[in-house]
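Down below is the structure, laid out as structure tokens.
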Amino acid sequence: MKKTENLTQEAKQLLRPIKDRPDIAPSQEFVNELHTKLRMDGKRRKTRVKLVPLLAAAAIIVILPLLILTSQSEKEETHAYTIEESSNIELVDTIKYGYGEGEIGFSTQGMNPVSSFDMRHGTLYLLDEEKSQVVIKSGGTTRSFSVQNDQNIIGDLNDILVTQDEEIYILNAVEKVVHQYRSDGELTKTYDLSQLDLFFPDSLVEIENNEIIVSQNQEKFVDLKTVSLIEDQELPFQIKQVNRKERIVVLNDESERTELALFSDFTLAYLALQDVKEEQIIYMQTVSLPVMTPVSETHVFGLDKKGNKIGGVRIPEENFIEKPLRVENYIATDQNEIYLLIPENEHVALYKVTLGKDYESFIEEQMEEVNIGFDTEMFGRPFPELEEEIRKLFKNGTIQYGNEESLNGVAIDENGTVVIDFKDFMAGSPASAEAQSLFGALHSATFKKFPEIQQIYFQFDGSFSAWAHWLESTEEPWKRQNSN
């Protein structure tokens, strides 16, 4: 039963005695006085009721925008990037190829005409290397302006950065200069980096206080104002290479220094931070297979500040006119959104990227298709005598790579084919003299001591292809010289 119905029943119970006994009804004087009081009280109550909604509305008008701004500010400063259950790439815009105003030059050499792009407050900035211009698209309007470039050099316009105040910086990596433009295309300053020996710039980064720094693989950085290297401890972030499968991401702020290890089962070809929030890190990585066939795969990932992967998305590199060496030039963030630019055969396509807990990855399947390798536990029979000889090479330091634990196993079959499986040395490819020393040591421990050996497959963790790739040699087993 509703509350109003209860009150009605209660009133009827109270009024029943008056109805049944008229002699106890109140006098007319009392009724008139009560009516007057109720009328006056009603006027006061009405005035009060009118003020309350007015004050409430005013409070809402003042407070609501503050709440919205606070919410947006918190989203911008902390965990702003959405992580869905499944990743998604959504087409949001296209730019035509052509020779008209605001159109992108099409390369007849099968190269990506756009070498980099940036997004700022929803406005798209494209670095068109084919026509040496910056194309700016905002809403339904498109404009462009020319940039300085040596037309005889291909691949020199490397990166574009648009600052918060819409200043535009262009990195010419070949000439080692940075040009600064206003949004109307006026060249205001040129920074010469050629005096910095052993510094090879590849990207531009804006940090706090609108400072611009120039990066080399996000390992070394140069302050653009002073044109000098920045000390490691002064960097807001840095990527350090441990080996070809591992990187360390270093984050510095006023209160603490954080180091996160990023590891891949494959070769980490490139890795670059895209954005760092209070509770999130957005980064891109390209991994390649340790095989002679060039196979790679690129993802954008999200991490929490403990280094846990919270989402990812595969970048469809197969859609590019030419598969880029540095995919990070085609990834940008703006207002807590991730964008991907792909120069495709029909047009230049702009996509919005959403990270997902579930995302595509085909690199393991591709590895299985091209890898040559053997399982020592399934291949032939154990060869403990040879295993002992190989371990001696590590014990006495004859092999300068790995240690006594670097041997996974050794096996031989009835035809004299041997498989020697090492743990990955995690080292760069040996120089010519180093390779000859390694070959000599292995040859002495195998063919010279065991006449039953006819051919040998050396491996890294079950992959003969990975061993051949490390040595930069063909995928052919070692064979005894006098064998038929």
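Laid out as a table, the results:
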{"read-out": "Calculated from backbone phi, Karplus (6.51, -1.76, 1.60) coupling profile of region 116-129 in Hz, x at Gly/Pro", "value": "6, 7, 8, 10, 8, 6, x, 8, 9, 10, 10, 9, 8, 6"}
{"read-out": "Euclidean distance between Cα centres, region 152-200 to region 310-377, Å", "value": "27"}
{"read-out": "Extreme residue, positive dipole direction of region 224-277, given options L229, L251, L262 (C-beta unit charges)", "value": "L262"}
{"read-out": "Percent of Cα pairs exceeding the 24 Å cut-off, where the set is region 179-278", "value": "30"}
{"read-out": "Additional length obtainable on full extension of the chain from F450 to T123, 0.36 nm per residue less Cα span", "value": "110.7 nm"}
{"read-out": "Fewest-first ranking of H469, H443, using other Cβ atoms within 10 Å as the exposure measure", "value": "H443, H469"}
{"read-out": "In nm, spacing of pseudo-spin labels at K225 and S146 (7 Å Cα→C-beta vector)", "value": "3.3"}
{"read-out": "Sorted by Cβ neighbour density within 10 Å, fewest at the top, the residues D424, D197", "value": "D197, D424"}
{"read-out": "Distance between modelled label sites at T188 and N319, nm, 7 Å Cα→Cβ extension", "value": "3.5"}
{"read-out": "Likely footprinting exposure, D275, D156, D128, fewest C-beta neighbours within 10 Å first", "value": "D275, D156, D128"}
{"read-out": "Tail weight of P(r) past 17 Å, computed on alpha-carbon pairs of region 95-167, percent", "value": "40"}
{"read-out": "Too-long pairs where the Cα-Cα distance tops 32 Å, listed order kept, from K306/K395; K131/K220; K305/K392", "value": "K306/K395; K305/K392"}
{"read-out": "Directionally averaged shadow of region 83-368, computed from the convex hull of its alpha-carbon atoms, nm²", "value": "15.4"}
{"read-out": "Surface/4 estimate of mean projected area, convex hull on alpha-carbon atoms of region 371-479, nm²", "value": "6.2"}
{"read-out": "Cα-based equivalent ellipsoid of region 309-373: semi-axis lengths in Å, sorted from largest, via gyration tensor", "value": "24, 18, 9"}
{"read-out": "Net +/- balance of residues flanking K392 in space, Cβ distance below 15 Å, scoring K and R +1, D and E -1", "value": "-2"}
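We did not get these values from a lab; they are worked out from the coordinates using the rules stated. This one's a predicted model, so the numbers in the text were calculated from it and none came from an experiment. All Cβ positions, even for glycine, are placed from backbone atoms using ideal geometry, and neighbour counts span all protein chains on display.
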